[in-house]
């Protein structure tokens, strides 16, 4: 009897405990599902410079990252050297000077220039005599007065003199010494070197009085009016790159501004580091000050779509979970926000699209500025 009474009491106690535990779980579940609203007064909203916003249509692009440099085509880069060796007589230019095509760059001096002009004068003087002798032998041969041997000798001497005259004439012109002036008796040991292109002086490898040979690189001139991007794209991405695609690039060491360009040419060989060269033409304005050799970071845009997005500032991460605050209701003096967990699908230029964006109404109001002050602390 006592044993039955004891079992009955235990059974009743178990029922009470089970019911109490169930009520606790139910309450916890109710508290978990009914998240409290976050209340913000009008004064707090204004003082915190908070803003509301809804979905905006933004362009989202798929890009390929690439690195490279700013360069110029070969015809816009010139290395200046001397056609004959000599000593630098005058070099008034320094790095940074701009020059025009045909402008005097420097002068070199060498006594051998005078010898060259002397030889030209001698051949020029002989040429008239040899020409007359050749014409006389031609006429005499036609009349069978002169022998074939005499005719051939006169012809050979005249043609040799003509060839030497042409050769010396070309050499003088390469030194920018006028053959006409030499024929008038004006000889000089000074040769002048002029700019082959217009541009800026980027290298000066000599000083006054130094000796230069034809192999010496005296100056370098670069014309920056036709600069381009020389980018390296990895082999795995090159099939997505097409001519005419837009390029966005920046020069991290010199500016935070983003510039634009277009893909102009795509290389057909793979470099040792498994990259392919891509040639881009930037949009150049008078305000740009691009310099050859500058390092650039670029993104080649391969595809663009229009997406509904919200500012990145409207999203906050807490313990690796992303949240937004949406306006639940508003009265005269208060805003009431609901905290919603979201999944970010893609971010681009300060905006993000959400995986769950279809769960929001088109007129949903997000807190786009001030989220951190409410949830980040």
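The values are calculated or read from the model by the stated rules, or taken from the named source; none is laboratory data. This structure is a prediction, so every number in the text was calculated from the model and none was measured. Neighbour counts are summed over all protein chains in view; Cβ atoms, including those assigned to glycine, are modelled from backbone coordinates with ideal geometry.
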For the range 190-206, give me the residue count where each residue is part of a loop (DSSP other than H, G, I, E, B) and buried (at least 16 other Cβ atoms within 10 Å of the Cβ). 4
When residue 357 is run through (1) out of contact with any helix residue (DSSP H, G or I) (no Cβ under 8 Å at 6 or more places or on another chain); (2) surrounded by 11 or more Cβ atoms within 10 Å (Cβ to Cβ); (3) closer than 26 Å to residue 243 by Cα; (4) modelled with pLDDT under 90, the failure sits at (3)
Report, ordered by the first and then the second residue, all pairs with beta carbons closer than 8 Å, sequence separation of six or more or different chains, a first member in the range 347-372 that is farther than 18 Å from residue 50 by Cβ and not assigned by TED's automatic domain parsing to the domain that holds residue 321, and a second member that is at pLDDT 90 or above and in a loop (DSSP other than H, G, I, E, B). none
Out of the residues in the range 218-239 meeting the condition of being in contact (Cβ under 8 Å) with a residue 12 or more places away in the chain and out of contact with any strand residue (DSSP E or B) (no Cβ under 7 Å at 6 or more places or on another chain), tell me which one is surrounded by the fewest Cβ atoms within 10 Å (Cβ to Cβ). 225
Considering residues of the range 150-189 that are within 18 Å of residue 128 (Cα to Cα) and assigned to a loop (DSSP other than H, G, I, E, B) only, the residue modelled with the highest pLDDT: 184
If you go through 267, 293, 280, the only one that is farther than 27 Å from residue 349 by Cα, surrounded by 13 or more Cβ atoms within 10 Å (Cβ to Cβ) and assigned by TED's automatic domain parsing to the domain that holds residue 236 is 267
Restricting to the range 84-96, give me the number of residues that are at pLDDT below 90 and touching a helix residue (DSSP H, G or I) at 6+ places or on another chain (Cβ under 8 Å). 0
For the list (1) in contact (Cβ under 8 Å) with a residue 40 or more places away in the chain; (2) over 38 Å from the mean Cα position of the chain (by Cα), I need the number of the one condition that residue 91 fails. (2)
When you go through (1) outside any strand (DSSP E or B); (2) under 17 Å from residue 38 (Cα atoms); (3) under 40 Å from the mean Cα position of the chain (by Cα) one by one for residue 374, which number turns out not to apply? (3)
